[in-house]
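The values are calculated or read from the model by the stated rules, or taken from the named source; none is laboratory data. From a predicted model like this one, the values you see are computed outputs, not experimental measurements. Ideal geometry is used to build each Cβ from the backbone, glycine not excepted, and the neighbour counts take in all protein chains shown.
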Amino acid sequence: MIGGAAMVKGIVELVRPTQWTKNAVVFAALIFSKNIFNWAYLVSAVLGFIVFCLLSGAVYTFNDIIDRDSDKAHPRKRHRPIPSGRIPLVVAFVVFIILTLVSLSASFLVLPPAFGLVAVIYFVLNISYSLVLKKVIILDVITISISFVLRAIAGVEALVPTVELSTWLLVCTFFLSLFLAIAKRRHELVLLEGKAGRHRKALKEYSTQFIDGMIAVVTASTVMSYTLYTISERTIEKMATANLVYTIPFVVFGIFRYLYLLYVRQEGGAPSRILLKDKPLMAAIVLWILAVIWILY
């Protein structure tokens with residue numbers, strides 16, 4: 001018999017609030033459209049963030065339901081609420097259904113219809129990922145990246161009709177999230193060694209040499225896409241400043257610090273945990289945000 005307090009704690013773990021930092025991408029449009037001090041837009045962005053936190057909680061719950069057997073073979077994931085037996089399967093299903101209904105309903109009721117449509121696409125894509133797409137090499141990490149791009153698009157749609165969708169926002173988001181997804185695959189491959197295929201089917205097809213090649217390409221693409229964004233004539237004209245170029249060192253340091261943690265510290269399995277734990281990386285991100293706000297506002 002599971003106690004009430006233990007049940008609540010297990011449910012909180014199930015929806016993974018520590019990973020909700022990923023949904024901060026929703027605020028990108030608010031910041032770069034120079035509307036961070038616009039109260040109406042700020043409220044809309046916060047509501048969008050909350051909706052995606054609930055929606056991602058539903059997605060994480062569904063994923064853990066599907067992966068409950070394979071997670072038992074993972075040294076860390078086996079301690080999650082479902083594979084460890086702390087949360088019964090029926091309770092997990094109820095949590096999934098409630099979060100899905102609440103988040104998708106809210107996405108249409110409290111925000112523009114286009115935001116709700118993006119939320120539905122995000123939900124369907126992630127359910128498809130849990131069922132099929134994560135088993136397909138390369139497509140698995142691209143799907144994760146598209147999920148981040150959808151968050152960024154949702155952030156724009158939450159602020160319509162004034163804010164335009166920036167292709168640079170999509171490109172930078174795609175490459176950065178792809179970098180994190182591939183780094184996570186490498187960490188899993190090294191951590192699980194010969195048992196990687198038992199935990200995740202796609203890992204059978206990956207090798208450290210192949211992943212290292214992908215990381216090299218995506219690292220360069222991430223830095224270059226952001227660099228080109230800061231020096232783009234369109235960006236300079238829209239932002240009324242050419243000073244965003246001075247934020248590039250923060251991005252480069254952040255990327256290199258993450259590579260250090262991945263290759264030297266043997267970390268990288270949980271980007272959200274690393275963000276909250278590694279002080280130099282957190283400092284780089286905070287300084288980048290402050291620099292961007294200072295320059296734009």
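Points worth noting:
- Filtered by the rule that a residue be on the phi > 0 side of the Ramachandran plot and either of a type in the set (S, T, N, Q) or not assigned by TED's automatic domain parsing to the domain that holds residue 216 (or both), region 231-268 gives a lone residue, 266.
- Those residues of region 244-297 which are among the aromatic types (Phe, Trp, Tyr), within 16 Å of residue 230 (Cα to Cα) and under 20 Å from the mean Cα position of the chain (by Cα), in sequence order: 250, 288
- Leading residue by the ranking (surrounded by the most Cβ atoms within 10 Å (Cβ to Cβ)) among those in region 204-254 that are farther than 21 Å from residue 32 by Cα and of a type in the set (Val, Ile, Thr): 218
- Helices (runs of 4 or more DSSP H) fully within region 191-297 counting 2 or more residues that are of a type in the set (Phe, Trp, Tyr): 208-231, 248-263, 279-296
- Candidate set: region 142-154, residues that are touching a Lys or Arg at 6+ places or on another chain (Cβ under 9 Å) and touching a residue at least 60 places away in the same chain (Cβ under 8 Å); chosen: the one surrounded by the most Cβ atoms within 10 Å (Cβ to Cβ): 151
- Inclusion of residue 215 among residues that are hydrophobic (A, V, I, L, M, F, W, C), in contact (Cβ under 8 Å) with a residue 24 or more places away in the chain and out of contact with any Pro (no Cβ under 7 Å at 6 or more places or on another chain) is warranted.
- Conditions (1) out of contact with any Ser or Thr (no Cβ under 7 Å at 6 or more places or on another chain); (2) surrounded by 20 or more Cβ atoms within 10 Å (Cβ to Cβ); number of the one not met by residue 115: (1)
- Flag if residue 11 is assigned by TED's automatic domain parsing to the domain that holds residue 113, without any contact (Cβ under 8 Å) to a residue 40 or more places away in the chain, farther than 23 Å from residue 180 by Cα and surrounded by fewer than 22 Cβ atoms within 10 Å (Cβ to Cβ): no
- In region 1-19, residue modelled with the lowest pLDDT [restricted to those that are more than 19 Å from residue 78 (Cβ to Cβ) and not in a helix (DSSP H, G or I)]: 1
- Applying the set (1) within 27 Å of residue 65 (Cα to Cα); (2) hydrophobic (A, V, I, L, M, F, W, C); (3) outside any helix (DSSP H, G or I) to residue 146 leaves exactly one unmet item: (3).
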